[in-house]
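Enquirer: To start, I am sharing the structure in question, which I have written as structure tokens.
The values are calculated or read from the model by the stated rules, or taken from the named source; none is laboratory data. Note that this is a predicted model, so its numbers are computed, not measured. Every residue, glycine as well, gets a Cβ built from its backbone with ideal geometry; the counts of neighbours run over all protein chains shown. The accessibility values were calculated without ligands, DNA or RNA, using every heavy atom of the protein model including side chains. Shrake-Rupley method; radii C 1.70, N 1.55, O 1.52, S 1.80 Å.
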Amino acid sequence: MSTPSSTPRMVEVSGAEALWLLEGAALGRLVFVQREVTVVRPARHVWEYGRLILRTPVQPTVVPEAVTYHLDEIRAATGTGWTVTVAGPAEVIADPDEAAHYRRTLAGWTHGPHDTVLRVHPKTVTGFRLAHGVEVR
């Protein structure tokens, strides 16, 4: 017999579900290392043609060759939700017309001259659901 448990669990989701969660959200965090310090910046995103496009308030010169992008929706009251992480090589979108298109599409932040549009080529996409477990007796 199984009964609901209030013990929180992390359950890995399929790659397809992780992409579905990613596509349904709009805001996450760009994560990278700069001078041996982990940097976390907010970013807006869109998933297009198997690539992740990010708009984030960072200087284009500090973007490393590979980045991690993390997004989640966690409900503190219930301890449920989900989390998705994408990692892979990144490039600054230098074409002015393409960058302008994404700046019109993705809302940005007022943060001085730092407004960068990146293309991430995902090597890994992982996701987890946070749920309450089931006890088997």
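Enquirer: If I ask for residues that are open to solvent by less than 20 Å² (accessible area, probe 1.4 Å) and outside any loop (DSSP other than H, G, I, E, B), which ones from segment 91-101 would you list?
Expert: Applying the first criterion (open to solvent by less than 20 Å² (accessible area, probe 1.4 Å)) to segment 91-101 yields 93, 99.
Hit for segment 91-101 is A99, nothing else.
Enquirer: In this structure, does W109 turn out to be surrounded by 14 or more Cβ atoms within 10 Å (Cβ to Cβ) and part of a loop (DSSP other than H, G, I, E, B)?
Expert: Working: surrounded by 14 or more Cβ atoms within 10 Å (Cβ to Cβ): yes; part of a loop (DSSP other than H, G, I, E, B): yes.
Criteria met by W109.
Enquirer: Any residue at all in segment 47-69 that is surrounded by fewer than 17 Cβ atoms within 10 Å (Cβ to Cβ), within 30 Å of R129 (Cβ to Cβ), under 17 Å from the mean Cα position of the chain (by Cα) and among the β-branched types (V, I, T)?
Expert: So far as segment 47-69 goes, no, none of its residues is surrounded by fewer than 17 Cβ atoms within 10 Å (Cβ to Cβ), within 30 Å of R129 (Cβ to Cβ), under 17 Å from the mean Cα position of the chain (by Cα) and among the β-branched types (V, I, T).
Enquirer: Separate question: How about segment 35-46: which of its residues are over 12 Å from L118 (Cα atoms) and open to solvent by 30 Å² or more (accessible area, probe 1.4 Å)? Working first, answer last.
Expert: At the first step, the residues of segment 35-46 found to be over 12 Å from L118 (Cα atoms) are 35-42.
Once the filter is applied, which keeps residues that are over 12 Å from L118 (Cα atoms) and open to solvent by 30 Å² or more (accessible area, probe 1.4 Å), segment 35-46 yields R35, E36, V37, T38, V40, R41, P42.
Enquirer: Shifting gears a bit: Within the set of pairs 6 or more residues apart or between chains, which connect a residue that is among the aliphatic types (A, V, I, L, M) inside segment 74-89 to a residue that is at pLDDT 90 or above and assigned to a loop (DSSP other than H, G, I, E, B) with Cβ atoms less than 7 Å apart?
Expert: From residues that are among the aliphatic types (A, V, I, L, M), the pairs are V86/P122; A87/K123.
Enquirer: Can I ask one more? Of all residues being open to solvent by 90 Å² or more (accessible area, probe 1.4 Å) and in a strand (DSSP E or B) in segment 74-90, which is farthest from E48 (Cα to Cα)? Just the residue, please.
Expert: This residue is R75.
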